[in-house]
Amino acid sequence: MNEQNGAGKPDKATANAQWGGRFAGGPSAIMREINVSIGFDKVMWRQDIAGSLAHAAMLAKTGIISAEDEQAIRKGLTEIGHEIEAGTFVFEDALEDIHMNIEARLSERIGEPGKRLHTARSRNDQVATDFRLWVRDAIDGISAQVTALMHSLATRALEYADTVMPGFTHLQTAQPVTFGHHLLAYVEMLSRDHGRLADARKRLNECPLGSAALAGTSFPIDRKMTAAALGFDRPTANSLDAVSDRDFALEYLSALSIMAMHLSRLAEEIVIWCSAPFSFIRLSDAFTTGSSIMPQKRNPDAAELARAKVGRITGALISLLTVMKGLPLAYAKDMQEDKVPVFGATEAIALTLAACDGMVRDLTASKSQMQLFAGSGFSTATDLADWLVRVLKLPFRTAHHVTGRIVALAEAKGVDLSQLSLSDMQSVEPGITADIFSVLSVEASVASRTSEGGTAASNVKQQATSWLKKTAAHPFSGEPA
C-alpha cells in the first residue's frame, strides 16, 4: 500500500516513484526515452554509411554539392566506420538514432561539408533504404545457413540411405522407410524456405533513396545512380509507398516463421528419437545437458530450445503486422517499432539453424533399434495388400479387407505378419502362395518403393547426391550470422 501524507493524498515523491523512476526529469525525459532508437538501430551503421556514400557521390555527380565536399564526406564517413569497428565511437541517446549519430559525428569531423550530406534526402527515405539493405544482408546470411543445413542433411541421408526405420502417420507405425529418406524430407522443406527468401529478396531490391520525406525532391538527383551503387535493381516507383512500405520486412519475417516451424518439427523429432523408449539416435555431450538431480539423464536441450524459437520468430511477425495495421500514408513514428522484431527474429533463426546443423552432423543412428521398430505394428500390411492386387488381381478394397483379417489373425496369435504360416494366411485367402513372404520383410518393403519420390535406397542415394552437388556450390561455415 502506498504511504500517504496527512491530507490523505499520495506523497509527491512516492507518486513520482510509481511512474517516474529514471524519468525524474518529467515528461521531456519520458519523451526522450520512448523516442530514442540508437540502442537497437546502431546495428545498421554499415548500411547507413553505405547509403550516405552513395548519396554523396550522386550529389557530386549531379552538381548539387562540389567534388571537394564529396571527397571530404567520403573520407569522414570512412573514418567514422573505422571508429565504430574499433569501438571508440560514442553513441549519443540525445541524437536519437544511428542516422543522426553518424551525421553529427561527420559534421564534427569535417565541418561544413558534413552539413551538406542531407541535401535531397530525409530520414524517412534514409531509414527505409538502410533497413532494406540490412534485411537484404540478413537474407543472404540466413540463406547461406539454410544451404549449409541442407548440405549436412543430404550428407547424412547418403550415409543412411539404406537404414530402415519406421515411417509414421499419427505418430503410429505406418510403413517402413529409410532414415535417409526421412532426412531428405527436411531438405525439401528447407529448399522451399530458401526459395521464399530468394523471392523476398527479389521484391525488396528497390531503392527508396531519393523519395525524401514522402513527395520526392526538387533537386535534380539521379536515383538510378544511387540504386545501382547500392546493388538495387531499380529505384522505387512511388515516393509515398517507398517511405511507408515495410512489406519487405513482413515478407522476410513470414519466410522466417515458416522456416522456424520446419526447424521446430525437426527438433521435435530429434527429441523423440533421443528418448529412451525410441533410442533411434544419440547426440554427444556437445548438444545435450545433464540433470541437476538425476545423474543418468542426457537431455536434448539444444533440440528443445530450437523447437521453442518458433514462438519468438512468429511473434515477431505478428508484432510487425500489428504495428503496420491501420497506418495511413506515409511515414509514422510507429514504424520505428519495425526493427526490434526483425533483428530479434534474425538472431533467433540464425542460432536455431546453427544448432540444427550441429545436431544433424553430430547425431549417431542406432540401425538395429530403427530396424526393430520398423517391423512393428504390422508395418508391411500394405505390401501384403499390394501383393494381393498385383498377383491375385483382387480389387484393392477387397485386398484391403483380406489384409485386415490377416492382420487380426496375426494380432490374435501375438506374431508379426512374416511369422504367420502359409496355411494361416490361406485360411483367409486360399489363393495366397509362398511367394507372399518375399514382400513381408521391412527390407523388401523399402526396396520396392522405387516410384519417383519413394523411399527405396536407390532413390535416396540419387536424391542425396543431387542435393549435395547443388548445395556444395554455396559453402558456409555453419556458424550463426
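Restricting attention to the stretch 242-249, does a residue exist that is modelled with pLDDT under 95 and farther than 28 Å from L190 by Cα? Outline the logic, then answer.
Here is the first cut: in the stretch 242-249, the ones modelled with pLDDT under 95 are none.
No; the residues of the stretch 242-249 include none that is modelled with pLDDT under 95 and farther than 28 Å from L190 by Cα.
Quick check on this structure: which one of V407, V415, V442 is without any contact (Cβ under 8 Å) to a residue 40 or more places away in the chain and under 44 Å from the mean Cα position of the chain (by Cα)?
Just one listed residue meets the conditions, V407.
Can you pull out every residue in the stretch 251-282 that is open to solvent by 40 Å² or more (accessible area, probe 1.4 Å), hydrophobic (A, V, I, L, M, F, W, C) and closer than 19 Å to T314 by Cβ?
The answer is I258, M261.
Could you grab me the full set of residues in the stretch 32-56 that are open to solvent by 30 Å² or more (accessible area, probe 1.4 Å) and small (G, A, S)?
Scanning the stretch 32-56 gives G39, A50.
Could you check the stretch 306-410 for helices (runs of 4 or more DSSP H) lying wholly inside it with 1 or more residues that are within 30 Å of R123 (Cα to Cα)? Working first, answer last.
Numbers: elements: 339-362, 367-374, 381-392.
Result: 339-362.
Could you grab me the full set of residues in the stretch 341-373 that are open to solvent by 70 Å² or more (accessible area, probe 1.4 Å) and in contact (Cβ under 8 Å) with a residue 40 or more places away in the chain?
Pass one, the stretch 341-373, residues open to solvent by 70 Å² or more (accessible area, probe 1.4 Å): 347, 351, 361, 364, 367-368, 371-372.
Residues satisfying the conditions are E347, L351, R361, T364, K367, Q371.
Select from the stretch 236-245 the residues that are more than 28 Å from the chain's Cα centre (by Cα) and either within 11 Å of R132 (Cβ to Cβ) or buried (at least 21 other Cβ atoms within 10 Å of the Cβ) (or both) and list them in ascending order.
Start the filter on the stretch 236-245 by keeping residues that are more than 28 Å from the chain's Cα centre (by Cα), which leaves 237-240.
Correct list: S239 only.
Which of (1) open to solvent by 40 Å² or more (accessible area, probe 1.4 Å); (2) over 35 Å from the mean Cα position of the chain (by Cα); (3) modelled with pLDDT of 95 or more is the odd one out, the single condition E70 does not satisfy?
Failing condition for E70: (1).
Which of the following residues is crowded, with 17+ Cβ neighbours inside 10 Å, touching a residue at least 24 places away in the same chain (Cβ under 8 Å) and touching a strand residue (DSSP E or B) at 6+ places or on another chain (Cβ under 7 Å): F248, F232?
Working: F248 fails: touching a strand residue (DSSP E or B) at 6+ places or on another chain (Cβ under 7 Å).
Residue meeting the stated conditions: F232.
In the stretch 421-432, what residues are without any contact (Cβ under 8 Å) to a residue 12 or more places away in the chain and over 53 Å from the mean Cα position of the chain (by Cα)?
Within the stretch 421-432, the first condition is being without any contact (Cβ under 8 Å) to a residue 12 or more places away in the chain, and the residues that meet it are 421, 423, 426, 430.
Passing the criteria: S423, Q426, P430.
Assuming A447 fulfils every condition listed in (1) surrounded by fewer than 16 Cβ atoms within 10 Å (Cβ to Cβ); (2) within 46 Å of the chain's Cα centre (by Cα); (3) of a type outside the set (F, W, Y) apart from one, which condition is it?
(1)
Just for helices (runs of 4 or more DSSP H) wholly inside the stretch 77-163: which have at least 2 residues that are of a type in the set (G, A, S) and open to solvent by 10 Å² or more (accessible area, probe 1.4 Å)? Outline the logic, then answer.
Values: elements: 98-110, 112-115, 123-159.
Correct list: 98-110, 123-159.
For G167, indicate whether it is in the same structural domain as E337 (by the TED database) and part of a helix (DSSP H, G or I). Lay out the reasoning, then the answer.
Details: in the same structural domain as E337 (by the TED database): yes; part of a helix (DSSP H, G or I): no.
Spelling it out, it is not the case that G167 is in the same structural domain as E337 (by the TED database) and part of a helix (DSSP H, G or I).
Considering each of A227, A200 in turn, give the residue that is in contact (Cβ under 8 Å) with a residue 24 or more places away in the chain, assigned to a helix (DSSP H, G or I) and open to solvent by less than 30 Å² (accessible area, probe 1.4 Å). Please lay out each step first, then the result.
Values: A227 fails: in contact (Cβ under 8 Å) with a residue 24 or more places away in the chain.
Every option except A200 fails the conditions.
Could you check how many residues of the stretch 368-398 are of a type in the set (A, V, I, L, M, F, W, C), more than 36 Å from the chain's Cα centre (by Cα), modelled with pLDDT of 85 or more and under 25 Å from H170 (Cβ atoms)? Walk me through how you get there before you give the answer.
The initial filter retains those residues of the stretch 368-398 that are of a type in the set (A, V, I, L, M, F, W, C), namely 370, 372-374, 378, 381, 384-385, 387-389, 391-392, 394, 396.
Subset that is more than 36 Å from the chain's Cα centre (by Cα): 378, 381, 384-385, 387-389, 391-392, 394, 396.
After this cut, where a residue has to be modelled with pLDDT of 85 or more as well, the list is 381, 384-385, 387-389, 391-392, 394, 396.
Adding the requirement that they be under 25 Å from H170 (Cβ atoms) leaves 381, 384-385, 387-389, 396.
Total meeting the criteria: 7.
The values are calculated or read from the model by the stated rules, or taken from the named source; none is laboratory data. Treat the numbers as computed from the prediction; the structure is a model and nothing was measured. Cβ atoms come from the backbone with ideal geometry, glycine included; neighbour counts cover every protein chain shown. With ligands, DNA and RNA removed, areas are computed over all heavy atoms of the protein, side chains included. Shrake-Rupley method; radii C 1.70, N 1.55, O 1.52, S 1.80 Å.
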